[in-house]
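Peer 1: There's a structure below that I have some questions on.
The values are calculated or read from the model by the stated rules, or taken from the named source; none is laboratory data. A quick note: this is a predicted structure, and the numbers were derived from the prediction, not measured. All Cβ positions, even for glycine, are placed from backbone atoms using ideal geometry, and neighbour counts span all protein chains on display. Side chains are part of the model used for accessible areas, which takes the heavy atoms of the whole protein and leaves out ligands, DNA and RNA. Shrake-Rupley method; radii C 1.70, N 1.55, O 1.52, S 1.80 Å.
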Amino acid sequence: ISAIVQVWTPSGQFVRYAATSNGAYEVWGLPDGNYFVTATDTQYAGELYDDVPCPGGSPAGCNLANGTSVPATLGNTTSGIDFALLRKGQIRGTVRDASSMQPLSWARVWVYNGTGSIVASTSTDYDGSYEASALVARNYFVVADGDYYQNYDAEVFDDLPCPSAACDPTIGTPVAVALDTVTNGIDFALSRSNNLVHGSDGP
């Protein structure tokens, strides 16, 4: 896979990085010493060598003391420092009209973390389906709103009103996401609003 591999000193100082090519990488020009190595990508959770997950999916969340140090010596190549990264999680579902159950295309969907901060957003396809990807393992809250011109009331999963998509999303039902897993069935049935103008460009 495409990934970024980073090399760190035991004190946590960043040294060098390399991008993979067909999954392979080489980091050149390291002085003699012991190092720690991390790998990450936007679609994959970060990992510290050897096989230690990085909390939050980012190398910045890794405690280097939990890793295995890698020696580097002048004139030699240390090989076999390999990674098998887990793909980040996904949330999938559909958004429909509550009366007709017809799919709503271009409805907006937002994903929030436990503090109510938005971490991902997407829109539904022609068949009302949506997918939010690159999510680290944790609980989320999901809000859906019909397209601005379709004038639907927003909801937070599962089936709670969310006026103008500006409610506290944490009132909803938490949606658990695990790495390398798709959480399906996070569906919405939106009702038409009585307001003449509804919606916004963002929550």
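Peer 1: Counting only other residues whose beta carbon sits under 12 Å from that of ALA19, what net charge do I get with K and R as +1, D and E as -1?
Peer 2: Details: positive: ARG16; negative: GLU26, ASP41.
In short, -1.
Peer 1: Hey, for a label at ARG16 modelled as a point 7 Å past Cα toward Cβ, could you say which residues of the range 54-94 have their backbone N under 12 Å away?
Peer 2: Counting backbone N atoms under 12 Å from the label point, the list is 72-78.
Peer 1: Could you order peptides 10-19, 95-104 by the average number of other Cβ atoms within 10 Å of their residues, highest first? All intermediate terms of the calculation are to be shown ahead of the outcome.
Peer 2: On the way: 10-19: 12.2, 95-104: 16.0.
Order by mean packing, descending: 95-104, 10-19.
Peer 1: Moving on to the next point. Given the C-alpha centroids of the range 126-172 and the range 1-68, what is the distance between them in whole angstrom?
Peer 2: 35
Peer 1: Probe radius 1.4 Å, ligands and nucleic acids ignored: give me the carbon and sulfur share of the accessible area of the range 5-157 as a rounded percent. Mind dumping the intermediate values first?
Peer 2: Working: 3740 of 7860 Å².
Answer for the range 5-157: carbon and sulfur cover 48 percent of the accessible area.
Peer 1: Then there is this: For an R0 of 22 angstrom, estimate the FRET efficiency from the Cβ-Cβ distance between ASN194 and ASP159 and round to the nearest 0.05. Show your work: numbers first, answer last.
Peer 2: Values: r = 18 Å, r/R0 = 0.83.
Here the calculated transfer efficiency is 0.75.
Peer 1: Relative to the Cα centre, what is the charge dipole magnitude of the chain, using +1 at the beta carbon of each Lys and Arg, -1 at the beta carbon of each Asp and Glu, and rounding to the nearest 20 debye? Numbers along the way, then the final one.
Peer 2: On the way: 8 positive and 21 negative charges, 57 e Å.
Dipole magnitude for the chain comes out near 280 debye.
Peer 1: Sorted by packing (mean other beta-carbon atoms within 10 Å per residue), highest first, where do 178-187, 44-53 land?
Peer 2: Order by mean packing, descending: 44-53, 178-187.
Peer 1: How high is the relative contact order of the range 15-120? Use alpha-carbon pairs under 8 Å, at least six apart in sequence, and give a whole percent.
Peer 2: On the way: 134 pairs, mean separation 20.7, N = 106.
Across the range 15-120, relative contact order equals 20 percent.
Peer 1: While we're on this one: Name the residue, out of THR42, THR115, THR173, whose mean-square fluctuation peaks in a Gaussian network model built on the chain with Cα pairs under 10 Å.
Peer 2: THR115
Peer 1: OK, next. In whole percent, what relative contact order does the range 1-49 give with Cα contacts below 8 Å and a gap of six or more residues?
Peer 2: On the way: 81 pairs, mean separation 18.5, N = 49.
Relative contact order here is 38 percent.
Peer 1: Using Cα pairs closer than 8 Å and at least 6 residues apart in sequence, work out the relative contact order for the chain, in percent.
Peer 2: On the way: 512 pairs, mean separation 34.1, N = 203.
For the chain, the relative contact order is 17 percent.
Peer 1: Before I look further, what does the chain give for accessible area per residue, probe 1.4 Å, in whole square angstrom? Mind dumping the intermediate values first?
Peer 2: Values: 10830 Å² over 203 residues.
I get 53 Å² per residue for this part.
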